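First up is the structure itself, then whatever we jot down about it.
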There are 2 protein chains.
Amino acid sequence: MKLAVLGVGVVGKAVLERADAKGHEIVAVSDSSSAAVDSDGLDTEKVLSRKSYRDRVGNADVEDALAADYDVLIEATPTTLGDAEPGFTNVRTALERDRHAVLANKGPVAQRYSELRDIEDESAGTMLFEATVGGAIPVLSTIADHAGEVSAVRGVLNGTANFILSRMSTEGLDYEHILAEAQDLGVAEDDPSFDVQGTDTAMKCVILANVLHDGGYTLADAKVEGIEDLPGSALEVASLDGNTIRLLGEVSADGTIRVGPRLVSENSSLAVSGTDNIVQFEMEYSEMLNLSGQGAGGHETASAILSDVGRLERTTL
Amino acid sequence: MKLAVLGVGVVGKAVLERADAKGHEIVAVSDSSSAAVDSDGLDTEKVLSRKSYRDRVGNADVEDALAADYDVLIEATPTTLGDAEPGFTNVRTALERDRHAVLANKGPVAQRYSELRDIEDESAGTMLFEATVGGAIPVLSTIADHAGEVSAVRGVLNGTANFILSRMSTEGLDYEHILAEAQDLGVAEDDPSFDVQGTDTAMKCVILANVLHDGGYTLADAKVEGIEDLPGSALEVASLDGNTIRLLGEVSADGTIRVGPRLVSENSSLAVSGTDNIVQFEMEYSEMLNLSGQGAGGHETASAILSDVGRLERTTL
């Protein structure tokens, strides 16, 4: 497939590095201010080299990348809240040109899902977004494969918050100490609010609610509580009864979206440690299904993107 | 899609009960000695009623079901070893008629995988078999979606053996006691050898090896040890160091297939309890991926079958 990759952060870079081995061709790349386009296929090593030395991928404009002759647009620009721009317009442009769109950017499918589905209905293109929830964990494809059977979802969906909580629990240290450690290790950002306030988890839950209930949800529908104010003593008290605390996101069968610190048994599947994620599906016809693994990371997310591209390739051949 | 269902055990029955809700039509059903065929769609309630009162599904022959006008043949007859008949011939017939085949029967894809792939290459039909490994757990679809990225697989793939081991561990009782309990509960068969000798786990590993390494494996390639001779004291000794014992199946990166009781940490993801299964993928580009849930049961297996049918429907539309 011919791919246009928007965004060259860790995710975009990993896609550029691996597309060739999957038999795909990169015909356009853009960062926030520049682009490189070649309908015969770009030399991605050169593009990445220009990016690291000159902080631009080429001499073309972002619009040129959007207008390029690709089969699939990969939207890997940073997630934005509110109107989810410029991601929304990028995806809309691809669909209106009857191209496919694969998103790693959570904004458009969390904030403007129904608009995009309406545009997709009129398009010959398809929109997939496995990478927006749980990295390489096959969350959305499992829901699609078990169409109509997943009634509720619950899980640990943010590696940064989980790292902090599991370290607070094992080390007996306070939030501030462990946050500083996580920032040193690069697990937490300098401004960790998106992760620790529960916003990232909530966006993923909103996406899951949109998928399970055919749209209609935005971040405003989620009841969200973070982990910043959680005292270390809460984890100590929990451990006396063999429990621990995890930041859980939940989408119930009636579409209620809740995110917050919850007591879970230390032996529970939900008590994953470090930066791991876990997703639990309640199924209509079978027992609970658990999927766990690394929920973030450039290569993990790129794996999800490339699996979506592979699905599109198989369904359009 | 128009379905022909061969086999009306717990799996075939669950498919018959749920096909309608998924928008499919049942045009043929057969058990080992009779069949019902109607190109306009069978009344599956009547078929199931005849099966329970008269132990036959209709007045037609099994050959009539194979010759019916279906889109997808569902092979849900009991797994057989050796030449995997009659499952092999059923699947071959469907493919040679340019129909799709979806298997719950492990025999053909464990014992004669390469033959079937060759037949599939000449066919307009596709062969899928998610139901043969791990029930509703999306094992094979995850491998397909992450094409080429799964380097090794390990897991607990037999619920009966796992029930026995986890009960032996928590109750401190011997194999014979727990086996009797499992038989009372219907978790173990009267003749439990297929499960407790590791054969079932080995067949699933052979299927995984065939998928990961493009064929060439049969049960003869697996090194298999069961749990029958495991003394309760082994579990006691293991528990002193926080470990337990599980019947693990493994397919290594070089294609070695091993099944046997293995020491695992009680905190390990592999230490699932009861009849749960877990599959761990070693991935080339990301950290380990874990998938767990109920690996058997009529409805779980039917979910996997219907997800395969859904995939075929999406790729042929």
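Laboratory data are not the source of any read-out in this text; all were calculated from the coordinates shown. Because the structure is a prediction, the values reported are computed rather than measured. As a convention, Cβ positions derive from the backbone with ideal geometry for all residues, glycine included, and neighbour counts pool all protein chains shown.
Taking B:Glu284 in one copy and the same position in all the others, each labelled 7 Å out along Cα→Cβ, what are the pairwise distances from the first, in nm, shortest first?
Copy-to-copy label distances for B:Glu284: 3.8 nm.
Net charge within 10 Å of B:His299 by Cβ-Cβ distance, Lys/Arg positive one each and Asp/Glu negative one each, not counting B:His299 itself?
Taking every other residue near B:His299 into account, the sum is -3.
When each copy gets a label point 7 Å from Cα toward the beta-carbon at B:Arg54, what are the spacings between them in nm, shortest first?
8.2
Would you please give the residues with an amide H less than 5 Å from that of B:Glu284, counting only those at least 5 places away or on a separate chain, with H modeled from the backbone geometry?
Amide H neighbours of B:Glu284: B:Val150, B:Ser151.
Let's see if you can work this out: charge +1 on each Lys and Arg Cβ, -1 on each Asp and Glu Cβ, no other charges. What is the dipole magnitude of region A:143-294 about its Cα centre, in debye to the nearest 20?
280 debye
Rounded if a/c is under 1.5, else prolate if a/b is larger than b/c, else oblate: which is region B:102-148, with a ≥ b ≥ c the root eigenvalues of its Cα gyration tensor?
oblate
Distances from A:Gln183 to the same residue in each other copy, label points 7 Å out along Cα→Cβ, in nm, shortest first?
In ascending order, 6.5 nm.
With no solvent and one point on each alpha carbon, what is the Debye value of log10 I(q)/I(0) for chain B at q = 0.06, 0.09, 0.11, 0.12 Å⁻¹?
Treating every Cα as an identical point scatterer, log10 I(q)/I(0) equals -0.21, -0.46, -0.68, -0.80.
Read phi for every residue in region B:186-195 and hand back ³J(HN,Hα) as whole Hz from Karplus 6.51 cos²θ - 1.76 cosθ + 1.60, θ = phi - 60°, with x for Gly and Pro.
x, 6, 10, 7, 4, 9, x, 4, 4, 7
What pairs from A:Lys46/A:Lys204; A:Lys13/B:Lys204; B:Lys22/B:Lys46; A:Lys13/A:Lys106; A:Lys13/A:Lys223 go past 29 Å between their alpha carbons?
A:Lys46/A:Lys204; A:Lys13/B:Lys204; A:Lys13/A:Lys223
Mind listing the long-range amide H neighbours of B:Asn267? Cut-off is under 5 Å, sequence gap 5 or more, other chains count too, H placed in the peptide plane at 1.01 Å from N.
Here nothing satisfies the definition.
With only Lys, Arg, Asp and Glu charged, each at its Cβ (+1 for the first two, -1 for the last two), find how big the charge dipole of the protein assembly as shown is about the Cα centre; round to the nearest 20 debye.
The calculated dipole for the protein assembly as shown is roughly 280 debye.
Just add up the charged neighbours of A:Leu289: K/R +1, D/E -1, any other residue whose Cβ is under 10 Å from the Cβ of A:Leu289.
Local charge sum for A:Leu289: -4.
What is the distance in Å between the Cα centroid of region A:191-240 and that of region A:255-281?
For region A:191-240 versus region A:255-281, the Cα centre distance is 11 Å.
Under the Karplus relation 6.51 cos²θ - 1.76 cosθ + 1.60, θ = phi - 60°, what is the ordered set of whole-Hz ³J(HN,Hα) values for region A:172-182, x standing for Gly and Pro?
Ordered by residue, 3J(HN,Hα) equals x, 9, 7, 3, 4, 4, 5, 4, 4, 4, 4 Hz.
Work out, step by step, the length gained on full extension between A:Leu240 and A:Leu263: first 0.36 nm times the residue separation, then minus their alpha carbon distance; give nm to one decimal.
7.1 nm
Other chains near A:292-302: what is the mean number of their Cβ atoms within 10 Å of each residue's Cβ?
Average per residue, whole number: 4.
Name the long-range amide H neighbours of B:Gly125: under 5 Å, sequence gap of 5 or more, or other chain; modelled H, no Pro or chain starts.
B:Asp98, B:Arg99
Any number yet on Rg/Rh for region A:143-294, C-alpha, Kirkwood?
Ratio value, two decimals: 0.98.
Nearest 0.05, what FRET efficiency do A:Asp83 and B:Ser252 give at R0 = 60 Å with Cβ-Cβ as r?
0.75
What does the charge count near A:Glu25 come to, summing +1 for each Lys or Arg and -1 for each Asp or Glu among other residues with Cβ under 15 Å from its Cβ?
For residues surrounding A:Glu25, the net value is -4.
Could you bin all the Cα-Cα distances of the protein assembly as shown into 10 Å bins starting at 0 and give me the percent of pairs in each, rounded to whole numbers?
With a bin width of 10 Å, the distribution comes to 3, 15, 24, 26, 19, 9, 3, 0.
Once phi is turned into ³J(HN,Hα) by the Karplus curve 6.51 cos²θ - 1.76 cosθ + 1.60 with θ = phi - 60°, what whole-Hz value does each residue of region A:111-116 show in order, with x for glycine and proline?
In residue order, the calculated couplings are 9, 9, 4, 5, 4, 5 Hz.
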